[in-house]
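Chemist: First the structure, which I've put down as structure tokens, then a few questions once you've had a look.
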Amino acid sequence: MANKPRPGAVRKSKKGPTTGTGGHGRKALEGKGPTPKAEDRPYHKAYRAKQLSERSAAKHQGGQRGPAARRGKSAGEMVTGRNSVVEALRAGVPAKALHVAVRIEMDDRVKESLKIAAERGIPVLESHKPELDRMTDDAVHQGLALQIPPYEYQDALELAEETMAQFKKGYINNAPLFVALDGITDPRNLGAIIRSASAFSGHGVVVPERRSVGMTASAWKTSAGAAVRVPVAKANNLTNTLKAFQQLGIFVLGLDGEGDVSLPDLSLATEPVCLVVGSEGKGLSRLVRENCDQIVSIPIDSAMESLNASMAVGISLYEISRQRAR
């Protein structure tokens, strides 16, 4: 006689006796475990509070390196504080958004900031104080923060090639004129140099990829709007870029107090030129200095040790412009 499968237990119901599952349905009755805590449920306000607490702890422990690390490198810079924000807006610094605290106490600076933002079509976003604190890395924002987009740098070699091509075709009258920065980290120096380059028909400013100043809000403000007209380009390696400039027919002139050519005696002023300026303390780096066509000095009183980088560039650009105008 063949074995038959054991039937399930028989239970009675209103419809008559039925066959059970033999215990196979017990797992369905076990449930899914205890309800998760409120702080572990993504849609609960306690979850948000936990996330903010963890971010704050990571910041104090060095897990985060400031607002750029949390917002992402592409988010740009935040200008904070009523004076700084209104000054940046007055100077025409590009902006993605003006963040204003909810129920902010109005004063003349806030009113002017809102007015300029409206005139320039800058989005005005209301934010609660905790959110402003997070966006500004707990800076003193006074309820006002301006978000600056990342600057779009050109490639230094591409800029030089394009400018030289335009010059050879007669599209631009003045010989190409560039300024390269070697070891300068003060954004105000960069802004002032951009302003001088604009005043004396410069075609671009070159900054190295590493250990160099970049286009910050401070640089924008110091340039007084000139950064809109003069492109700032980046060089992966300044020494190699200067060598490539020379191959294009651009003379590289280093500025140094111990130069072998005095600025008034500069004979290359009418040629395509790239002026290279170093920091006030260290001057030109060794490799950059070795690859310059000439080292040019500015005659100054012996009691004065050196000139500020932006001042030296301004004087040199003026002299080049004067000689080109002859």
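Just so you know, all these numbers are worked out from the coordinates, no wet-lab data involved. If you're wondering where the values come from, they're calculated on a predicted model, not measured in any experiment. We place every Cβ from the backbone using ideal geometry, glycine too, and count neighbours over all the protein chains shown.
Chemist: Please work out the Cα convex hull volume for the range 254-302 and give it in Å³ per residue.
Modeler: Details: hull volume 3.9 nm³, N = 49.
Roughly 80 Å³ of hull volume per residue.
Chemist: Can you tell me which aspartates and glutamates have their Cα less than 19 Å from the Cα of Lys96? Leave out same-chain residues fewer than eight positions away.
Modeler: Straight-line reach from Lys96, under 19 Å: Glu77, Glu87, Glu112, Glu119, Glu126, Glu131, Asp133, Asp137, Glu152.
Chemist: Right, next: Compute the orientation-averaged projected area for the range 154-324 from the convex hull of its Cα atoms and round it to one decimal in nm². Write out the running numbers ahead of the final one.
Modeler: Working: hull surface 36.0 nm².
Averaging across all directions leaves 9.0 nm² for the Cα convex hull.
Chemist: If you add up the charges near Val313, with Lys and Arg at +1 and Asp and Glu at -1, over every other residue whose beta carbon is less than 14 angstrom from its beta carbon, what do you get?
Modeler: Values: positive: Arg188, Arg195; negative: Asp182, Asp186, Asp256, Glu280, Glu319.
Every neighbour counted, the sum reads -3.
Chemist: Students often check this: by mean Cβ neighbours within 10 Å, which of 133-146, 215-228 ranks highest, and how do the rest follow? Please list the in-between numbers first.
Modeler: Working: 133-146: 19.1, 215-228: 21.1.
The most tightly packed comes first, giving 215-228, 133-146.
Chemist: Something else about it: I need the Debye-formula profile for the range 73-148: one equal scatterer per C-alpha, no solvent, reported as log10 I(q)/I(0) at q = 0.24, 0.27 1/Å, two decimals.
Modeler: Treating every Cα as an identical point scatterer, log10 I(q)/I(0) equals -1.13, -1.44.
Chemist: Indicate, rounded to the nearest 5 percent, the antiparallel portion of the DSSP beta bridges found entirely in the range 73-148. Show your work: numbers first, answer last.
Modeler: Values: 8 of 12 bridges.
DSSP beta bridges in the range 73-148 are roughly 65 percent antiparallel.
Chemist: Going highest first, how would you order 118-128, 273-283 by mean Cβ packing within 10 Å? The partial results should precede the final answer.
Modeler: On the way: 118-128: 12.4, 273-283: 20.4.
My ranking of the peptides, most packed first, is 273-283, 118-128.
Chemist: Sort 107-113, 312-318 for me by packing, meaning the mean count of neighbouring Cβ atoms within 10 Å per residue, highest on top.
Modeler: Per-residue Cβ counts within 10 Å, averaged per peptide and sorted highest first, yield 312-318, 107-113.
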